[in-house]
Amino acid sequence: MTSIIWYIREFLRPAWISRFLTAKTEPLVTPPYFRDFPVTTENECTQCLACMMICPAPEAIVVVKRGGIWRPEITKGHCIRCGLCVEACPEDVLASGQILAIKKEEKLLISGTYHISINPKTCMGCGNCSVVCPVNREIDPSLRSSGTSRSNEVIMRVDTGQTKVFHEEKCTGCKTCEEHCPNNAIRVARVVEATEGEEV
C-alpha cells in the first residue's frame, strides 16, 4: 500500500505534470522512402501490363478498360505498398509517395524477362503447354489443328518424348502453360532487372 501511495505522489508532482502537458514532438515529415498505395496520374496507360507482371501480391492490381480507356486499378486489401508497379510502368501512369520523383531523378529503368523451367521427372510430354501457349499458336498456326509442332521457332514443344524450351525470350509471362499442365511440371518465373542512368 505504501508503494502505491509513493507512485501516486510522484506522478502528481507539479513539475512532472507540467513537463507531461507541455511536451512537444517533432513535426511529422514524410520520409523519402515512404511508399503509399499507388494512385493514377494523368498519363495514358498503354496496356503493356508491366505493373501487373511485376506485382508480387496476387490480385492487387489489374488493368481494365472503362469507357474506352485502359487504366490500372488497385485493390487496397491486396496491395502491400511495395511500389514496384510505379517503378516498372514505362509511361509513369502510377505514383506513390516520392517514388515517381526519385524514379525520374535516378532515371530508373526496370525490365523484366521470364524463365521457364520444366521438371523432367513429372513432365510426361503430353504437349498441353505447347498447344495452349498463345505465342506458340501465333508462330505455328498448325498447332490449332494438329496439336503438335515441328518448328524450332516456338517457345516450347515436345521433342523426343519431352517438352523442351527453344525460345524462352518470346515468353510474355501469361502462365497459360503452367495452368494447363496436368502434372504441374512447368513453372514460369519473372526475372526483373533494374538499371540507373538510362533514359526512361
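Things worth noting here:
- Residues located in the range 17-54, provided they are at pLDDT 90 or above, over 20 Å from Cys79 (Cα atoms) and open to solvent by 70 Å² or more (accessible area, probe 1.4 Å): Glu42, Glu44, Thr46
- Of the numbered criteria (1) out of contact with any Lys or Arg (no Cβ under 7 Å at 6 or more places or on another chain); (2) more than 21 Å from His115 (Cβ to Cβ), the one Leu143 fails is (1).
- Residue in the range 40-54 that is farther than 24 Å from Thr172 by Cβ and free of Cβ contacts under 8 Å to residues at least 12 places away in the same chain present: yes
- Matching residues in the range 61-79 - criterion: being closer than 22 Å to Val188 by Cβ, in contact (Cβ under 8 Å) with a residue 24 or more places away in the chain and in contact with a Lys or Arg (Cβ under 9 Å, 6 or more places away or on another chain): none
- The single residue among Val154, Val135 that is part of a helix (DSSP H, G or I) and either surrounded by 15 or more Cβ atoms within 10 Å (Cβ to Cβ) or among the charged types (D, E, K, R) (or both) turns out to be Val135.
- Leu12 satisfies every condition listed in (1) closer than 20 Å to Arg190 by Cβ; (2) open to solvent by 50 Å² or more (accessible area, probe 1.4 Å) except (1).
- Among the residues of the range 157-176, just one is closer than 14 Å to Cys126 by Cα, open to solvent by 60 Å² or more (accessible area, probe 1.4 Å) and without any contact (Cβ under 8 Å) to a residue 40 or more places away in the chain, namely Thr160.
- Residue selected from the range 78-115 under the condition under 23 Å from Cys174 (Cβ atoms) and charged (D, E, K, R), by the criterion least open to solvent (accessible area, probe 1.4 Å): Glu87
The values are calculated or read from the model by the stated rules, or taken from the named source; none is laboratory data. Since we're looking at a predicted model, the values are computed, not measured. In this analysis, Cβ positions are derived from the backbone assuming ideal geometry, glycine residues included, and neighbour counts consider all displayed protein chains. Accessible surface areas use protein heavy atoms only, side chains included; no ligands, DNA or RNA. Shrake-Rupley method; radii C 1.70, N 1.55, O 1.52, S 1.80 Å.
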